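The values are calculated or read from the model by the stated rules, or taken from the named source; none is laboratory data. Just so it is clear, the model here is predicted, and its values are computed rather than measured. Virtual Cβ from ideal backbone geometry, glycine too; neighbours counted across all protein chains shown.
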Amino acid sequence: MLRNFKNYYHLLRAIIALIYFRYPARKLKVIGVTGTDGKTTTVHMISYILEKSGKKVGYVASIEAQIGDQKVDTGFHVTTPDPWRVQKILKKMVDFGMEYAVLEVTSHGLDQNRIFGCNFLVGVLTNISHEHLDYHKTFENYIRSKLKLFKKVKISVVNVDDPSYDKIVKTARGRIVTYGIKNSADYSIQNFQIKLRIPGQYNLYNALAATAVTSVLGIKKEVILNSLASFGSLQGRMEIIDEGQGFQVVVDFAHTPNALAEALSTLRKMAKGKVIAVFGAAGERDFQKRPQMGQLAAKLADLSVITAEDPRRENVDEITKQIVKGFQKETALEGKDYFIVPDRKDAIEFAVLKLARKGDVVGIFGKGHEKSMCFGKIERPWSDQNEVREALNKIKYE
């Protein structure tokens, strides 16, 4: 009942915003990127390629929105802003003379009509895996919300390797363009030999998605490849923190089972020693993924430190117990394979000061770019990057 009310409420706000801001999307070429993981990086890659080709482009992503040289904060823990802010941002893009708008679109944003009236030219799917079942209740509902993006677009750019592919293409409208690594696709590593500065197979998928989008928009292959070759890492996305220590520390936003698995697999290739994971799970969110993440960490990391990540009104100890169930499935032992350190600051210090040795890689997961952590209903200032640097600087004095 509450969910339906929110949907109608956002739809009404979207209609009013469309009228007030005079339907700005009609004057823009709008690209929507949805999926469980990889949305932010894909949005930035598409925008970067378009900019390098001389196009005027604005974007809205979970890290920030950007219109020309102006950056706009989209709010705490928000990827798709409310419909009034969406239309206001699009209007600013029109006023600043932007030709393209690239929007990161969540399942919540689609389900709640926050992007109503955005008039998408291109819809992009990165992947669909386990997430947000606290809201959608079933995985089928989650997929169904993602499908909404592809019902009215003129071009659908779809990951042919993703299990959701068949369902997407049955729903997608207009021209269907595919990309992938494992299966035959319109855009693949065979016909686009992409070189990236950033690690991970998942980033290769993101790059192929960006390649497909910008190619169908008429950008030359040489420009695309050169742009991707110079594309750097984003804040909180496989971000390396280097204070001269003898091991690597990486801050990443991975907060889903799929993203954690991909991130840990990437760190394994980087490590000369052990892989150490610091992570938790958000309170009042998808409960089912918690043991899954524990089980994946038990398989893919040598050591794990389980800690807080936006507990909200839940007890951190209860959240960690649910994560630990996944470790127990792999017969991992507390104090040997994993450690429970509820305070996130203490957890980062423990991993960096007590566990890490030369050649190891420490991955700090779940917060990424975010600048706050939620306790109860209060947002407290927080930065994984700052906490890591503080911990690393203590090494010099020991």
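Tabulated values for the structure
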item: Cβ-Cβ under 8 Å pairs, at least 6 apart or on other chains, the stretch 141-158 side assigned by TED's automatic domain parsing to the domain that holds GLY32, far side of a type outside the set (Asp, Glu) and modelled with pLDDT under 75; result: TYR142/SER107; TYR142/HIS132; TYR142/LEU133; TYR142/HIS136; SER145/SER107; SER145/HIS108; SER145/HIS136; LYS146/SER107
item: Residue within the stretch 201-218 that is surrounded by 20 or more Cβ atoms within 10 Å (Cβ to Cβ), assigned to a loop (DSSP other than H, G, I, E, B) and touching a Gly at 6+ places or on another chain (Cβ under 7 Å) present; result: no
item: Single condition MET270 does not satisfy, out of (1) modelled with pLDDT of 95 or more; (2) not assigned by TED's automatic domain parsing to the domain that holds LYS39; result: (1)
item: Checklist (1) modelled with pLDDT under 95; (2) crowded, with 18+ Cβ neighbours inside 10 Å applied to ASN191, failing item; result: (2)
item: Considering residues of the stretch 261-275 that are touching an Asp or Glu at 6+ places or on another chain (Cβ under 6 Å) and among the hydrophobic types (A, V, I, L, M, F, W, C) only, the residue surrounded by the fewest Cβ atoms within 10 Å (Cβ to Cβ); result: VAL275
item: Subset tally (residues that are crowded, with 16+ Cβ neighbours inside 10 Å and at pLDDT below 95) for the stretch 329-366; result: 2
item: Some residue of the stretch 307-315 being within 24 Å of TYR205 (Cα to Cα), surrounded by 15 or more Cβ atoms within 10 Å (Cβ to Cβ) and either of a type outside the set (A, V, I, L, M) or modelled with pLDDT of 95 or more (or both); result: no
item: Options TYR59, TYR48: the member that is surrounded by 14 or more Cβ atoms within 10 Å (Cβ to Cβ), touching a strand residue (DSSP E or B) at 6+ places or on another chain (Cβ under 7 Å) and not acidic (Asp, Glu); result: TYR59
item: For PHE287: the one exception among (1) touching an Asp or Glu at 6+ places or on another chain (Cβ under 8 Å); (2) outside any loop (DSSP other than H, G, I, E, B); result: (2)
item: Count of the stretch 225-248 residues which are within 30 Å of GLN288 (Cβ to Cβ) and in a strand (DSSP E or B); result: 1
item: Conditions (1) within 26 Å of GLY363 (Cα to Cα); (2) buried (at least 21 other Cβ atoms within 10 Å of the Cβ); number of the one not met by SER230; result: (2)
item: Failed criterion for VAL251 (all others in (1) surrounded by fewer than 24 Cβ atoms within 10 Å (Cβ to Cβ); (2) not in a loop (DSSP other than H, G, I, E, B) hold); result: (1)
item: Residue in the stretch 198-210 that is touching a strand residue (DSSP E or B) at 6+ places or on another chain (Cβ under 6 Å) and modelled with pLDDT of 90 or more present; result: yes
item: Number of the exception - LYS170 against (1) surrounded by fewer than 20 Cβ atoms within 10 Å (Cβ to Cβ); (2) outside any helix (DSSP H, G or I); result: (2)
item: The listed residue being crowded, with 16+ Cβ neighbours inside 10 Å, under 17 Å from the mean Cα position of the chain (by Cα) and at pLDDT 85 or above, out of LEU133, LEU125, LEU121, LEU149; result: LEU125
item: Residue that is surrounded by the most Cβ atoms within 10 Å (Cβ to Cβ) [pool: residues in the stretch 4-45 that are touching a Gly at 6+ places or on another chain (Cβ under 9 Å) and assigned to a loop (DSSP other than H, G, I, E, B)]; result: LEU28
